[in-house]
Amino acid sequence: MAEIRHSVCALDCPDCCSLLINVEDGRGSKLRGDPAHPVTRGFLCGKVAQYLEREYSPGRLLYPQRSTGGKGAGRFERICWDDAIDIIGGRLESIAAEFGSEAILPYSYGGTMGFLNGSGMDRRFFHRLGASRLDRTICSSAGVAGLTDALGIRYGTEPEQFRHSRLILAWGANILGTNVHLWPFIMEARRAGAKLYTIDPRRNRTGAAADKHFFINPGSDTALALAMMHVILGENLHDADYVERYTEGIEALRERVRQWTPQRAAPLTGIAAGEIAALAREYATTRPSVIRLNFGVQRSERGAMAVRSIALLPALVGSWKSPGGGLQLSTSQAFQLNRAALDRADLQHVALGREARLVNMSELGKALTTLSQPAVKALVVYNSNPAAIAPDQNSVLRGLKREDLFTVVLEQFQNCTADYADVLLPSTTFLEHTDLYFAYGHHYLQLARPALAAPGEAKSNVEVFRLLAARMGFDDACFQDSEDDMIRALLDSAHPFVRGITLEELDREHFVRLRLPDPFLPFAEGGFGTPDGKCHFRAETLDYTPPVESRHGDQTLRAQYPLELISPKNDDSMNSTFGHRDAVDFETSVLHLHPEDAAARGIRSSDQVRVRNGRGSCILFARVDTSVPRGVASAPAVRWARRAPSGRNINAVTSDRLTDKGGGPTFYSCLVEVERIGD
Ligand SMILES: Nc1nc2c(c(=O)[nH]1)N[C@H]1C(S)=C(S)[C@@H](COP(=O)(O)OP(=O)(O)OC[C@H]3O[C@@H](n4cnc5c(=O)[nH]c(N)nc54)[C@H](O)[C@@H]3O)O[C@H]1N2
Ligand SMILES: Nc1nc2c(c(=O)[nH]1)N[C@H]1C(S)=C(S)[C@@H](COP(=O)(O)OP(=O)(O)OC[C@H]3O[C@@H](n4cnc5c(=O)[nH]c(N)nc54)[C@H](O)[C@@H]3O)O[C@H]1N2
Ligand code: SF4
Ligand SMILES: [Mo]
C-alpha cells in the first residue's frame, strides 16, 4: 500500500505547488498536485510531473569528490565527508589569512526557493566568515526596482482573483509556459466573456492561445505604456475619482505623455498606432482589467523603467479598486517574515567590523577575471549553475578555468559548473529535506518535511554549512540551530500578514494562507508604499530610450549584428535544472527565425547555424517559423553548455551590461548575426 506524503515544489516558479507523493517501501512512485491547495488545484506542470525521473536518475551525485586535475575536465575521485569538509575549511582559512576573507565569494540563486536551503545556514556561514556578499540580481532585480518605484511596495493581484477579470493583459508573461497554475483562473474568466491579450516579441504558447497577440519590439515596452497613457489621458478615460484620491502628479503626467502619441510609439514598438490606441481604450474602459506582467520585460537595458511605466497603468484606470483588477508581477513581498533572524547579516560585523563588499552576480565573469583588492580566490557555488546561466559565458568560463581559483560546488548533478569544481559535494533534493516556502505567484506559506530518504551520502545545504561552520570553529549559537529552530525564527514576526502562524499549524495544514483580507485588495484605497500612501507618477523621470543593443540603438553595432536575440524560458524545463534530459537538450538547441530572415541567409529549418557577436558564438539548429517577427530571433534557454558543441550555449552571446536600475542582467538586449554552417 502506498503511503501519501506531502511536499512542495521548490523550483524557481511563481506557482510554488503543493505536492502529494505516493511512497511504497520507501520509494516514491507517483507525484501529483495537491487537489486541496487553492492554486495548485490537483495538477502539476509537465516537467515536475516527471520529477521522479530526476530524483532517481543515475546522474545523481551520491558522494563527495575531489578533482583529479584539469579545470573543467570534470574528472573526480571519491572522498569521505570528513576529508571534504577538512579540505574546504583548510583552503578557506588559508585564503582568508593570505588575501582577506572577502576573497571568498558565495554564488547561489534559484535552485531551491526554500528559505532554509536557499538563504538560511549558508548566509549565516558566509556572513560570519566575512566573505564577499553576492548581489543576487540575475533574475528580477530590475523589475523589483521598477515596481518599487511605481508602487512603493511590491504587492500584487492574487491569482484567484483573475477569474473576475474582464480583460487580461499578459505582458511579457508566458503563462502557459512558466506560470501554468494561473491558467485555469484565466479560462474561468474567459468562459464568462473575458478577453486575453498577449504583448511579447514572440508568439509563445500563451500568445497562440490568446484572443489577440501584439508583437512588440524587444525592449520597447515603455514606449507602449507611455502611448497608452497618452490615449487614456487625452480621451479622459482615466478613473478621475481614484486618481484624485490616491495618486500624485497627474497634471505633470498629462504634460509628459502629451508628446507620446501612438504615432510616435508605433515605429519604436512595431505596433501600429491604431492598434495602440484601441488597446489603450479597451484597457481603460473594460472593468476590471488586470495585467499579468512577468519578468521577461525587465531583462532589457531599461527594464526597470519598463516595469515602472507599466505598473503605473492600473492606478491611472483605477483597476486596483475591484477584485480581478490591478497587476501582478510578484506576490512575494506579502510574506513579511523575520528574514533578519534567518540570515543574520549582523554576523558580518563580528567578522569584519563592517559590511562586506557586494559583488554583482550578473557580472560573474568580470568578478572572476578583473576584480582586485582582493581578487576572488575561492568560489562556493550552490543552487545555481553559473557556467550555463550567467551572461557573457566566455568570460565566466575563463574565470572558472583559473588554476588559482578554489571552487566548491554543492550539486545534485554533474552539470556545467560542477565540471570546474575542486571539491564537488552531493546535495539533497527538495523531496529529501525540510524547508519552508514562500511563493511569488500566490499567498500561501508552505512547509515540507522530507518525503524520501537522501540517496548515497547526499546532504542538504543546511547540513553542509553547519558542518563547515563547526570546522571553522564558529561557536555562535545560531550554527547549532535545527531546521525547526530556523523556521521558528522566521515566523517570529509581528507583521499582521504573518502574525500567529506557527510551525505546528504549518505541520498540520501543510499550506497556510497569509493573514490577508479576502479578497486582498492592497491598493483599493491608496495604501501605496509611500509616506502619503499615494501612487506617485513622478512624470519628470518617466522616459524612453531604446536599448543600445536593439534596432533603434547603436547603428554601427546593428550593421554588424542585425538581429535582436531573445532567449526566453523553455516551456518544459526550468533554467538549466533539467539539462540532463535529452528532450530538454533538444528543445533548447533551437533558434527560431522568421522566414524572411532565414531566406536572406540561405537557412532552412533543421540547418545547423552559428549565432555570433563580438562576445562569442554558439551552435544551434534553425527553426524557421512565424513565432517571431522579422528582425527577431529567439532561442529557448538554457541548455547545458557541457552538452553543446564547443561547450557553449546561448549565453556565449549575451551581454553582462546591466539594467538601468537594480543591477540586473540584460539577457534580452542582444544583437547577433546568424549564419548557416557547412553544406
Ligand atoms: N517552463 C519554465 N518555467 C519557468 C522557468 C523556466 O525556465 N521554464 N523559469 C522560472 C524563472 S527563473 C522565472 S524568472 C520565470 C520567468 O517567467 P516569465 O517572465 O514568464 O518568462 P521569460 O521567458 O523570462 O519572459 C516572458 C516572456 O517575455 C518575453 N519577452 C522578452 N523580451 C521582451 C520584451 O522586451 N518585452 C515584452 N513585452 N516581452 C518580452 C519572452 O518572449 C517571454 O515569452 O519563470 C519561471 N518558470
Ligand atoms: N540566456 C538566458 N539566461 C538566463 C535566463 C534567460 O532567460 N536567458 N534566465 C535567468 C534567470 S531568470 C534565472 S533565475 C537564472 C537561473 O539560474 P540558476 O538559479 O542557476 O538556475 P538553474 O540553472 O536551474 O540551476 C539551479 C541548480 O541548483 C541545483 N539545486 C537545486 N536544489 C538544490 C539544493 O537544495 N542544493 C543545492 N546545492 N543545489 C540545488 C539544481 O540541481 C540546479 O543545477 O538564469 C538566468 N539565465
Ligand atoms: S515548476 Fe511550477 S508549475 Fe511546475 S510543479 Fe513546480 S511550482 Fe508547480
Ligand atoms: Mo528567474
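The values are calculated or read from the model by the stated rules, or taken from the named source; none is laboratory data. Predicted, not measured: the structure shown is a model, and the values here were computed from it. Please note: Cβ atoms are built from the backbone with ideal geometry, for glycine as well, and neighbour counts cover all protein chains shown. To get the accessible areas, we keep the full protein, side chains included, count just its heavy atoms, and leave off ligands, DNA and RNA. Shrake-Rupley method; radii C 1.70, N 1.55, O 1.52, S 1.80 Å.
Figure legend: label point modelled 7 angstrom from the Cα of Leu358 along Cα→Cβ; residues of the range 636-679 with amide N under 16 Å from it are 658-665. Enumerate by residue number the chymotrypsin sites (Phe, Trp or Tyr not before Pro) in the range 212-277 meeting two conditions: DSSP loop (anything except H, G, I, E, B), and at most 16 other Cβ atoms within 10 Å of the site's Cβ. The qualifying sites: there are none.
Counting charges near Gln161 (Lys, Arg +1; Asp, Glu -1) among other residues having Cβ under 14 Å from its Cβ returns a value of +2. Note on Lys212: aspartates and glutamates with a C-alpha under 18 Å away, same-chain residues under 8 apart excluded, are Glu188, Asp200, Asp221, Glu275, Glu282. Taking Lys and Arg as +1 and Asp and Glu as -1, the other residues whose beta-carbon sits under 11 Å from that of Asp572 total +2.
By the helix-only formula, in which each DSSP H run with n ≥ 4 contributes -39500 (n - 2.57) and the sum is divided by residues, the chain has a 222 nm mean residue ellipticity of -8000 deg cm²/dmol.
Calculate how steeply helix 81-99 sits against the longest principal axis of the alpha-carbon atoms of the chain, using the helix alpha-carbon long axis, and give the answer as 0 to 90 degrees to the nearest 10. In the chain, helix 81-99 runs at an angle near 70 degrees to the longest axis.
Dipole orientation for the chain: of the candidates Val628, Thr407, Ala387, Val628 has the Cα lying most toward the positive pole (charges on Cβ; Lys, Arg +1; Asp, Glu -1).
Per-residue extension of 0.36 nm, minus the Cα-Cα distance of Arg449 and Asn394, leaves a gain of 15.8 nm for this segment. Applying the criteria of a DSSP loop state and at most 12 other Cβ atoms within 10 Å to the GluC sites (Glu not before Pro) of the range 468-535 yields Glu525. Each part reduced to its alpha carbon centroid, the range 489-526 and the range 1-49 end up 23 Å apart.
Ala36 to Asn338: FRET efficiency via 1/(1 + (r/R0)^6), r the Cβ-Cβ distance, R0 30 Å, to the nearest 0.05? My answer for the efficiency is 0.60. For the range 3-55, the solvent-accessible area works out to 37 Å² per residue, with a probe of 1.4 Å and every protein chain left in place. DSSP assigns beta bridges within the range 555-676; of those with both partners inside it, close to 65 percent run antiparallel. Is the shape of the range 3-55 best called rounded, prolate or oblate, per the rule: a/c under 1.5 gives rounded, else a/b larger than b/c gives prolate, else oblate, with a ≥ b ≥ c the square roots of the Cα gyration tensor eigenvalues? Since a/c reaches 1.5 but b/c is at least a/b, the shape of the range 3-55 is classed as oblate. Residues whose amide H lies under 5 Å from that of Asp34, counting only those 5 or more places away or on a different chain, are Ser18, Leu19, Leu20, Gly42; hydrogens are built 1.01 Å from N in the peptide plane. Going by the alpha-carbon gyration tensor, a ≥ b ≥ c the square roots of its eigenvalues, is the range 472-528 rounded (a/c under 1.5) or, if a/c is not under 1.5, prolate (a/b greater than b/c) versus oblate? It comes out oblate by the Cα gyration axes. Taking a ≥ b ≥ c as the square roots of the Cα gyration tensor eigenvalues, the range 295-373 comes out oblate, since a/c reaches at least 1.5 and a/b does not exceed b/c.
FRET efficiency for the pair Ala600 and Thr556, taken as 1/(1 + (r/R0)^6) with r the Cβ-Cβ distance and R0 = 25 Å, rounds to 0.75. In this label model, Asp532 and Gln259 are separated by 2.6 nm, measuring between points 7 Å along each Cα→Cβ vector. Site pair Ala2 and Ala345 shows an inter-label distance of 4.4 nm when each label is modelled 7 Å from Cα along Cα→Cβ.
So for the chain, averaging the separation of alpha carbon pairs under 8 Å that are six or more residues apart and normalising by length, what relative contact order in percent results? Computed value for the chain: 20 percent relative contact order.
A Förster radius of 30 Å, combined with the Cβ-Cβ distance separating Arg676 from Asp83, puts the computed FRET efficiency at roughly 0.05.
Compared with the alpha-carbon gap, the fully stretched path from Met187 to Ala252 is longer by 19.5 nm at 0.36 nm per residue. Only protein heavy atoms count here; under a 1.4 Å probe, Tyr444 has an accessible surface of about 20 Å².
3J(HN,Hα) along the range 583-592, derived from phi through the Karplus expression 6.51 cos²θ - 1.76 cosθ + 1.60 where θ = phi - 60°, amounts to 4, 5, 4, 5, 4, 9, 10, 10, 10, 7 Hz, with x in place of Gly and Pro. Taking Cβ atoms as reference points and 9 Å as the exclusive limit, the residues near Arg630 contribute a net charge of -2, counting Lys and Arg as +1 and Asp and Glu as -1. With the simple spin-label model, which puts each label point 7 Å out from Cα in the Cβ direction, the Asp485 to Glu235 separation comes to 6.3 nm.
Cysteines in the chain that lack a partner Cβ within the 4.7 Å cut-off: Cys13, Cys16, Cys45, Cys80, Cys139, Cys416, Cys478, Cys535, Cys618, Cys670.
Of all the Cα-Cα pairs you can form in the range 555-676, what percent are over 25 Å apart? Pairs farther apart than 25 Å: 18 percent. The trypsin sites (Lys or Arg not before Pro) of the range 238-343 that meet both conditions, a loop assignment by DSSP and at most 15 other Cβ atoms within 10 Å of the site Cβ, are Arg258. Between Leu591 and residues 5 or more places away or on another chain, which pairs have amide H atoms under 5 Å apart, with H built 1.01 Å from N, and which residues are they? Amide H neighbours of Leu591, under 5 Å, 5+ apart: Phe621, Ala622, Arg623. The length gained on full extension between Asp543 and Lys401, counted as 0.36 nm times the residue separation minus their Cα-Cα distance, comes to 46.9 nm. For the chain, DSSP calls about 45 percent of its internal beta bridges antiparallel.
Charged side chains reduced to their Cβ positions (Lys and Arg at +1, Asp and Glu at -1) give the chain a dipole of some 1420 debye around its Cα centre. Computed from backbone phi, the HN-Hα couplings of the range 161-167 come to 7, 4, 5, 8, 6, 10, 9 Hz, rounded to whole numbers (Karplus: 6.51 cos²θ - 1.76 cosθ + 1.60, θ = phi - 60°; Gly and Pro given as x).
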